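The structure appears below as structure tokens.
Read-outs: derived from the displayed coordinates by stated rules, not from any lab. Since the model is a prediction, treat every value here as computed from it, not as a measurement. With ideal geometry, Cβ positions are generated from the backbone for all residues, glycine too; neighbour counts draw on all protein chains shown.
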């Protein structure tokens, strides 16, 4: 018998039992919807994390005194970096694109009655090369301003928003703590950093100005190194390590008293974590898909028993065993594929509803949609075969007598 | 008008259920010839072997021993699927309990055998409606069994049995679930089909009134054919 006829029979039979057919497919619908929703949202989260990390700058090494984050344990406080270290890094390490020192302080910024507590970053123009910053107006520091430690600043969009209500700021004079300062530039919005910090809540000044007026020392707490794309970050990181060990007189075998952090490592770690979570949740959802398949098998078995007489009639009027098998198999496959399709639809709706709540971008992942649908079809074949074989094996005489 | 050459021929047919000491021999060597175009009623008390014989004649079961020739085919040598194809091509079935598919329209029920023959939609609808017309239910084509009376359901079942223009119509107690008035209507319909279309009708019944419509009455007893009453014309009362 042609497949088309089997299809007609299967569709008729499904239509005859609408409610039961719907309940049968419910397991598949939920399973497919759960898998697709979880993987899509997981991917969206991973992409969001990666985007936030890349906002920190890719191929950027952060060098801090001490080991790891903070100063763990007792012992003497490791020495801070100084201007000579910056010079040395720039001149002696190959593959370095730019080196920016950073000295941080906190201060209240005031302009025309508006005030805002913000972070002051003392650095050089190299900072704008290391990290992907865009100016919306004005300019970066001039060499004299850097050399003399002039009181000029470039403000982030959050600060601009709070002091100038988003209006023009270049050429205005603001108060920063005890000093007054000319705004020479404004920065484009960059968004949230990976750790919840607002990267736009910043005032950038020449490092000399910050050291003299705010921190009161020549110390540099953080060095940002931009690595040339053409070089391997790992190799550059090792040369920097060798240079700093030499400059800081660390004997072979002794531990470093500084640490070099690759932003890509954070990216990899966080991406790895979200990927792991995604696969765990997707696995759980996948199990529910299998349970859905068992549901189909269950109902199909009940259906075979319940429809024994019907099978007897079909056999009596001349259906061969293969045709009965095919009918029940196609019924199971049609049911599970239908469930798969509805599940995909539900998943898109669920993702559409959850994406704004989770504040991520919807990335359509064709692979998982195709895979989930394929699995639902396979489930139809696998779990439909056993009941179908049972139906086909019935003896027409016994089947006709069945009450 | 009937073809005198038998289209069905049983020779020494036995049927044994089970094995060993609990074995039960339902048929003990049945010889029977049925001519094409005949209207045969099979009678006998329960356990006499009439149902077993009908199952074998319907190609639903095979004899344990003996030969069953149907249109020259040795049915006892055919496998399950070959017998199914024989049923599909040459046989039509009517059951005591109607056995229509529930929640399925009369036309879809009647079309069912045509589906298995691989007929296209148009042919199925045309032939299905023609068969419903023959049983006088053309305007009920879209009703489900639940919306039809018992007599109407049996007519739909007969339409389903004849839609493929079979050689032989096997009816197992076709009036068993109907009152006498409906029963007579069904018997008249079967007689009419037998006379006009030349369909050979084999009918199991335990009611002499119904058997009276047949041209030949085969009496079974204890797994054997006890006697055969042949009449010249269907409808004549038994003397």
How far is helix A:3-16 tilted, in degrees, relative to the longest principal axis of the Cα atoms in chain A, given as a value from 0 to 90 rounded to the nearest 10? 90
On the formula 1/(1 + (r/R0)^6), with r taken between the Cβ atoms of residue B:23 and residue A:341 and R0 of 60 Å, the FRET efficiency rounded to 0.05 is 0.65
Label-point gap, in nm, between residue A:212 and residue B:16 - each point 7 angstrom along Cα→Cβ: 12.0
What does the structure give for B:79-92 when I average, per residue, the other chain Cβ atoms found within 10 Å of the residue Cβ? 4
Report the paramagnetic label zone for residue A:182: residues of region A:126-147 whose backbone N is under 13 Å from a point 7 Å from Cα along the Cα-to-Cβ axis. A:139-146
Calculated FRET value between residue A:51 and residue A:18, using beta carbons and R₀ = 30 Å, to 0.05: 0.05
Based on the Cα atoms of chain B, what semi-axes does the equivalent ellipsoid have, where each is the square root of 5 times one gyration tensor eigenvalue, given in whole Å with the largest first? 29, 21, 17
With contacts defined as alpha carbon pairs under 8 Å and 6 or more residues apart, what's the relative contact order of region B:1-111 in percent? 26
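Under the classification rounded if a/c is under 1.5, otherwise prolate if a/b is larger than b/c and oblate if not, where does region A:32-174 fall, given a ≥ b ≥ c as square roots of the Cα gyration tensor eigenvalues? Working shown, then result.
Details: a/c = 1.77, a/b = 1.16, b/c = 1.53.
Judged from the Cα gyration tensor, region A:32-174 comes out oblate (a/c at least 1.5, b/c at or above a/b).
Once a ≥ b ≥ c are taken as the square roots of the eigenvalues of the Cα gyration tensor of region A:142-231, is the result rounded (a/c under 1.5), prolate (a/b larger than b/c) or oblate (a/b not larger than b/c)?
Since a/c reaches 1.5 but b/c is at least a/b, the shape of region A:142-231 is classed as oblate.
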What share of all Cα pairs of the protein assembly as shown, in percent, falls into each consecutive 20 Å distance bin? 15, 28, 16, 13, 15, 11, 1
Sequence ranges B:174-183, A:27-36, ranked by mean other-Cβ count within 10 angstrom, highest first: A:27-36, B:174-183
Sort B:226, A:323 so that the residue with the fewest other Cβ atoms within 10 Å of its own Cβ comes first and the one with the most comes last. B:226, A:323
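Tell me, what is the percent relative contact order of chain A, built from C-alpha pairs under 8 Å that lie six or more residues apart?
29
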Can you give the helix-only mean residue ellipticity at 222 nm for chain A, where every DSSP H stretch with n ≥ 4 adds -39500 (n - 2.57) and the sum goes over all residues, rounded to the nearest 500 deg cm²/dmol? -18500 deg cm²/dmol
Degrees separating the helix A:233-247 axis from the principal Cα axis of chain A, which is the longest one: 30
Using only Cα atoms and rounding to the nearest 10 degrees, what angle (0 to 90) does helix B:180-197 make with the longest principal axis of chain B? 90
Find how many whole Å separate the alpha carbon centroid of region B:184-230 from the alpha carbon centroid of region A:141-189. 111
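In peptide A:77-86, how many Cβ atoms from other protein chains are near each Cβ within 10 Å, on average?
Values: counts 0, 0, 0, 0, 0, 0, 0, 0, 0, 0.
Neighbouring Cβ atoms belonging to other protein chains average 0 per residue here.
When a/c is below 1.5 the answer is rounded, else prolate if a/b is larger than b/c, else oblate, so apply that to region A:260-403 with a ≥ b ≥ c taken from the square roots of the Cα gyration tensor eigenvalues. Let's see the in-between values first.
Working: a/c = 4.08, a/b = 3.32, b/c = 1.23.
Cα axes put region A:260-403 in the prolate bin.
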Virtual spin-label span in nm between residue A:287 and residue A:219, 7 Å along Cα→Cβ: 5.2
With each run of n ≥ 4 DSSP H residues scored as -39500 (n - 2.57), what mean residue ellipticity at 222 nm is computed for chain B after dividing by its residue count and rounding to the nearest 500 deg cm²/dmol? -10000 deg cm²/dmol
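Counting only other chains, and only Cβ atoms inside 10 Å, what mean value do you get across the residues of B:95-102? Don't jump to the answer; show the numbers that get you there.
Details: counts 5, 0, 4, 1, 7, 2, 8, 4.
Mean partner-chain Cβ count within 10 Å for B:95-102: 4.
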Going fewest to most other Cβ atoms within 10 Å around each Cβ, A:190, B:221, B:122 line up as B:122, B:221, A:190
Sorted by Cβ neighbour density within 10 Å, fewest at the top, the residues A:337, A:181, A:153: A:337, A:181, A:153
Cα centroid separation - region B:1-80 against region A:263-295, whole Å: 65
Viscosity 0.692 mPa s, temperature 37 °C, Stokes-Einstein D of region A:79-256 from Kirkwood C-alpha radius, µm²/s: 191
Please work out the C-alpha center-to-center distance from region A:1-41 to region B:93-132 and express it in whole Å. 26
List the relative contact order of chain B as a percent without decimals, with contacts defined as Cα pairs under 8 Å and 6+ residues apart. 27
